[in-house]
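Every number here is computed from the coordinates shown, using simple stated rules; none is lab data. The shown structure was predicted, so the numbers you read here are calculated from the model rather than taken from an experiment. In this analysis, Cβ positions are derived from the backbone assuming ideal geometry, glycine residues included, and neighbour counts consider all displayed protein chains.
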């Protein structure tokens, strides 16, 4: 089990020590989408959802999700984010809202989970704000698009 970084010698979960790793600039971009029915899609586009401006609230939820990643994911380190951008756009032809989140930090460890949590929180907020209209919405395809920094360098989804 020595090769498994999140397990100790007895197989117990542990938080990996990153204090000896160099501080470098880190950046990660994640994306996901939520598929909406026609009525929910119209409520977003026309800004007529009963709970308010869905995209604006979801954007704020995404930023907050990135900031609270270590509260969501048990073995994630809390880290000092230097920036988070969350954008949401409607693709009426595909009947989806697409969310993109970018997280930045200068730290010992990466920000992939922060970007992924931002997307998750934003899309869950879209669901929450529209569930009275459409309980059949589907959150799908949450994934990392790219990351930069750290010893593993840059990575981009092909």
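Using only the alpha-carbon atoms, how far is helix 112-130 inclined from the longest principal axis of the chain? Give it as 0 to 90 degrees, nearest 10.
Between the helix axis and the principal axis of the chain, the angle is about 20 degrees.
Can you give me the Cα centroid spacing of the range 4-28 and the range 114-146 in angstrom?
28 Å
Pulled fully out, how much extra length does the chain show between residue 89 and residue 131, if you take 0.36 nm times their separation in residues and subtract their Cα-Cα distance?
This chain segment gains 13.3 nm when fully extended.
Tell me, what is the FRET efficiency for residue 16 and residue 145 to the nearest 0.05, using R0 = 25 angstrom and their Cβ-Cβ distance as r?
Computed FRET efficiency for residue 16 and residue 145: 0.55.
Over the chain, what relative contact order in percent results from Cα pairs under 8 Å that are six or more residues apart?
Value for the chain: 36 percent.
Order of 99-106, 13-20 by packing, highest average Cβ count within 10 Å first?
99-106, 13-20
Using only Cα atoms, figure out Rg for the range 24-151 and give it as a multiple of 2.2 N^0.38 Å. Each step should come with its number before you reach the end.
Details: Rg = 14.9 Å, N = 128, 2.2 N^0.38 = 13.9 Å.
Output field value: 1.07.
Given the -39500 (n - 2.57) contribution per DSSP H run of 4+ residues, what per-residue ellipticity at 222 nm results for the chain, rounded to the nearest 500 deg cm²/dmol?
-8500 deg cm²/dmol
In which sequence would 142, 73, 63 go, from the one with the fewest C-beta neighbours within 10 Å to the one with the most?
Numbers: 142 17, 73 13, 63 20.
The fewest-first ordering by Cβ neighbours comes to 73, 142, 63.
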